[in-house]
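Step one of this worksheet: look at the structure below.
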Amino acid sequence: MLILTRKLNEAIMIGEDVKITVVEIQGDKVKLGIEAPRELSILREEIYLAVSEENRQAMLNPRGIADIVKQVKREGK
C-alpha cells in the first residue's frame, strides 16, 4: 500500500485521467474530490463490497434471477 500525505487543496494523480483532491478537513473526516472519466466506476468501499456480495449470491442462486424475470414479464403485460 502506498501512503501519501496531503494538505487541504492538494491532490494526487492516478495515471493521467484520475485526480483526487483534498477539499475539506473537519476533525477526523476528510472530504475528497475525484475527477475521473465517466466510464470509470467509483464507489465507497462498503458499497463496492455490498454489490460484490449481492452479485456473488445471485451467481449461486440463478433460479432467483429467473423468477424475477418471470415476474417482471407478467407485470409488464
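Read the figures in this text as sums done on the coordinates, not as results from a lab. What you see is a predicted model; the values in this text were computed from it and never measured. Note: ideal-geometry Cβ built from the backbone for every residue, glycine included; neighbour counts use all protein chains shown.
Based on DSSP H runs of at least 4 residues, each adding -39500 (n - 2.57), what is the mean residue ellipticity at 222 nm of the chain after dividing by all its residues, to the nearest 500 deg cm²/dmol?
Estimated from H runs of four or more residues: -13500 deg cm²/dmol.
Students often get this wrong, so try it: which of (i) 14, 28, 25, 15, 15, 3; (ii) 20, 56, 22, 2; (iii) 14, 17, 21, 18, 13, 10, 6, 1 is P(r) over Cα pairs in 10 Å bins from 0, in percent as calculated from the structure shown?
Label of the calculated value: (i).
Return the whole-Å distance between the Cα centroid of segment 9-36 and the Cα centroid of segment 44-58.
Each part reduced to its Cα centre gives a spacing of 24 Å.
How far, in nm, would the chain grow between Arg6 and Val51 when pulled straight, counting 0.36 nm per residue and subtracting the alpha carbon separation?
13.2 nm
Give me a comma-separated list of calculated 3J(HN,Hα) values for segment 5-17, in order, Karplus coefficients 6.51, -1.76, 1.60 applied at θ = phi - 60°, integers in Hz, x for any Gly or Pro.
Whole-Hz 3J(HN,Hα) from phi for segment 5-17: 10, 9, 9, 3, 6, 8, 9, 10, 10, 10, x, 9, 10.
Enter the angle in degrees (range 0 to 90, nearest 10) between the Cα long axis of helix 45-60 and the first principal axis of the Cα atoms of the chain, meaning the one along which they spread out most.
Helix 45-60 sits roughly 20 degrees off the main axis of the chain.
To test your reading of the geometry: what angle, between 0 and 90 degrees and rounded to tens, separates the Cα axis of helix 62-76 from the longest principal axis of the chain?
Once rounded, the angle reads 80 degrees.
What FRET efficiency, computed as 1/(1 + (r/R0)^6) with R0 = 35 Å and r the Cβ-Cβ distance, is obtained for Asp67 and Lys19, rounded to the nearest 0.05?
Once rounded, the FRET efficiency stands at 0.20.
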